[in-house]
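K.L.:
Submitted below is the structure of interest, expressed as structure tokens.
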């Protein structure tokens, strides 16, 4: 008999919703553990908070003793990142007798130096601390001992990394032919000013690699990539480089594109076990060149990840050149990524962890 579990989400992100994709991949993997995951939303952005919470109260009347895995990101529960009403949703679930599990995809408060940023951080930290009181289970996507706002890990806190929101084949991907043009992959660019900074880092690193190695291929695709195409083509003009820039592509195409790369360049902030676009490269057996940060710890460091410092830009350039030019080193990193994926980041492994947690409490 299947165990019914509900995944409860806030507003839908556009044009793609990584949290919804996470739930769908998790739900498929949980089927083999006799767990049926149903996805529901609190559509406060469409219906307003009052009507949405009333509807949740009616739904929750049927959820007594059922696990409800509430998915938390600050912007899913507030347009400006002040998620106080998230706690009202948890209170409704608790009053209905549901068993509450909260999956924290945002595990640190937002950064920023303005007064409003400080206020937002205060609200987000207070919300996450209250979650630990209300929830029967708090699932962190990075090890909780690495968090700046949590001095002691409570007994209801557990760590489960995210998996790749991609259809990774069950059989290993074929290694790329070594006589092909060295190929760098970049999967997604952040929007706004952060994306502008990332684009400049990509340009500098690729220009350096071309100067050191010669002809290269650069594949940039995913969210916001197409918005940077003009800047990228202008910055790499007159170089012996094959450049392909695409925006959103289907998940199967992401796998196909990553499978022909020699390395993934990940500069969307420090790498960690909640960075799905970085884990996509690991799942496809790639070396990953990335920044280290406070969340950079095992199991992400078990993969073939070359870590560099944010404040030492030359280290990134040197690391990329070495990975592209040293085939033995590159193959060793690729093997480590494949092993880490099978051990930590495959959906079958993540589902087994969730199954054990939900059935033992």
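The values are calculated or read from the model by the stated rules, or taken from the named source; none is laboratory data. Keep in mind that what you see is a predicted model, and the values were worked out from it rather than measured. Ideal geometry is used to build each Cβ from the backbone, glycine not excepted, and the neighbour counts take in all protein chains shown.
K.L.:
Please state which of the following conditions residue 230 fails to meet, knowing it meets all the rest: (1) in contact with a strand residue (DSSP E or B) (Cβ under 6 Å, 6 or more places away or on another chain); (2) more than 18 Å from residue 166 (Cβ to Cβ); (3) without any contact (Cβ under 8 Å) to a residue 40 or more places away in the chain.
P.N.:
Unmet for residue 230, out of (1) in contact with a strand residue (DSSP E or B) (Cβ under 6 Å, 6 or more places away or on another chain); (2) more than 18 Å from residue 166 (Cβ to Cβ); (3) without any contact (Cβ under 8 Å) to a residue 40 or more places away in the chain: (1).
K.L.:
Being in contact with a strand residue (DSSP E or B) (Cβ under 8 Å, 6 or more places away or on another chain), closer than 18 Å to residue 102 by Cβ, modelled with pLDDT of 95 or more and surrounded by fewer than 15 Cβ atoms within 10 Å (Cβ to Cβ) is true for just one of 38, 20. Which residue is that?
P.N.:
Values: 20 fails: surrounded by fewer than 15 Cβ atoms within 10 Å (Cβ to Cβ).
Checking each option against the conditions leaves just 38.
K.L.:
Continuing with the same structure: How many of the residues making up segment 113-128 are surrounded by fewer than 21 Cβ atoms within 10 Å (Cβ to Cβ) and under 22 Å from the mean Cα position of the chain (by Cα)? Can you show your working first?
P.N.:
Quick first cut of segment 113-128, residues surrounded by fewer than 21 Cβ atoms within 10 Å (Cβ to Cβ) only: 113-119, 121-123, 125-126.
Then keep just the ones that are under 22 Å from the mean Cα position of the chain (by Cα); that gives 121, 125.
Total satisfying the criteria: 2.
K.L.:
Does residue 201 satisfy the criteria of being under 17 Å from the mean Cα position of the chain (by Cα), touching a residue at least 60 places away in the same chain (Cβ under 8 Å) and part of a helix (DSSP H, G or I)? Break it down into steps so the answer makes sense when it comes.
P.N.:
Values: under 17 Å from the mean Cα position of the chain (by Cα): no; touching a residue at least 60 places away in the same chain (Cβ under 8 Å): yes; part of a helix (DSSP H, G or I): yes.
Answer is no for this residue.
K.L.:
On to the next question. Among the residues of segment 345-352, are any in contact (Cβ under 8 Å) with a residue 24 or more places away in the chain, surrounded by 16 or more Cβ atoms within 10 Å (Cβ to Cβ) and touching a strand residue (DSSP E or B) at 6+ places or on another chain (Cβ under 7 Å)?
P.N.:
Scanning segment 345-352, I find no residue that is in contact (Cβ under 8 Å) with a residue 24 or more places away in the chain, surrounded by 16 or more Cβ atoms within 10 Å (Cβ to Cβ) and touching a strand residue (DSSP E or B) at 6+ places or on another chain (Cβ under 7 Å), so the answer is no.
K.L.:
If we scan segment 266-274, do we find a residue that is within 16 Å of residue 202 (Cβ to Cβ) and assigned to a strand (DSSP E or B)? It would help to see each step written out before you state the result.
P.N.:
Of all residues in segment 266-274, those within 16 Å of residue 202 (Cβ to Cβ) come to 266-269, 271.
Next, only the ones that are assigned to a strand (DSSP E or B) stay: 266.
For segment 266-274, residues within 16 Å of residue 202 (Cβ to Cβ) and assigned to a strand (DSSP E or B): present.
K.L.:
Moving to a separate point now. Could you identify the single residue in 149, 67 that is buried (at least 20 other Cβ atoms within 10 Å of the Cβ) and assigned by TED's automatic domain parsing to the domain that holds residue 9?
P.N.:
Values: 149 fails: buried (at least 20 other Cβ atoms within 10 Å of the Cβ).
One residue alone meets the criteria, 67.
K.L.:
Please verify whether residue 45 is free of Cβ contacts under 8 Å to residues at least 12 places away in the same chain and either surrounded by 15 or more Cβ atoms within 10 Å (Cβ to Cβ) or assigned to a loop (DSSP other than H, G, I, E, B) (or both), treating the condition exactly as stated. Walk me through it before giving the result.
P.N.:
Working: free of Cβ contacts under 8 Å to residues at least 12 places away in the same chain: no; either surrounded by 15 or more Cβ atoms within 10 Å (Cβ to Cβ) or assigned to a loop (DSSP other than H, G, I, E, B) (or both): yes.
Here the answer is no, as residue 45 does not meet what is asked.
K.L.:
While we're on this one: Please go through (1) touching a helix residue (DSSP H, G or I) at 6+ places or on another chain (Cβ under 7 Å); (2) part of a loop (DSSP other than H, G, I, E, B) for residue 102 and return the number of the only condition it doesn't satisfy.
P.N.:
Only one criterion in (1) touching a helix residue (DSSP H, G or I) at 6+ places or on another chain (Cβ under 7 Å); (2) part of a loop (DSSP other than H, G, I, E, B) is unmet by residue 102, namely (2).
K.L.:
Go through segment 302-344 and report how many residues are surrounded by 19 or more Cβ atoms within 10 Å (Cβ to Cβ) and within 17 Å of residue 142 (Cα to Cα).
P.N.:
5
K.L.:
Sticking with this structure for a sec: Count, please, the residues in segment 68-89 that happen to be part of a helix (DSSP H, G or I) and without any contact (Cβ under 8 Å) to a residue 60 or more places away in the chain. Spell out how you get there, then give the answer.
P.N.:
Here is the first cut: in segment 68-89, the ones part of a helix (DSSP H, G or I) are 74-76, 85-89.
Then keep just the ones that are without any contact (Cβ under 8 Å) to a residue 60 or more places away in the chain; that gives 74, 85, 87-88.
The number of residues fulfilling the criteria is 4.
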